[in-house]
1. Given (1) 49, 19, 13; (2) 74, 7, 6; (3) 23, 15, 13, which label gives semi-axes √(5λ) of the Cα gyration tensor in Å as computed from the coordinates?
2. Output the 0 to 90 degree angle, nearest 10, between the alpha-carbon long axis of helix 11-23 and the longest principal axis computed from the alpha carbons of the chain.
3. Starting with the highest mean, order 69-78, 4-13, 24-33 by the number of other Cβ atoms within 10 Å, averaged over the residues of each peptide.
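Read-outs: derived from the displayed coordinates by stated rules, not from any lab. These numbers come from a predicted model, not from an experiment. Please note: Cβ atoms are built from the backbone with ideal geometry, for glycine as well, and neighbour counts cover all protein chains shown.
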Amino acid sequence: MEKLTLSIKDPELIAWAKNYAKANNVSVSGLFESHIRAIMEFDKKEIILSPELQNLRDPGQRPTEKEIEKHLIQRRKKSVKA
């Protein structure tokens, strides 16, 4: 087991972490380790964007003003029917 020393300036944060760890029957080190592990797992996941969101990433794929206007007209028609 390797050791890691953390420096936290906020005494309230330290007290909260200790109380939370005690209430959940885990050490502060265990709490930190599980949090870091969760971040690692999230970081490994492949995020799949919908086609609409992918288009926003590429400036050349953004809708034209006419396409936006057409979309808004269709939305207005749907909201009027509802």
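1. Derived directly from the coordinates: (1).
2. For 11-23 against the chain, the angle is about 80 degrees.
3. On the way: 69-78: 10.2, 4-13: 7.5, 24-33: 12.5.
Going by the mean number of other Cβ atoms within 10 Å, highest first, we get 24-33, 69-78, 4-13.
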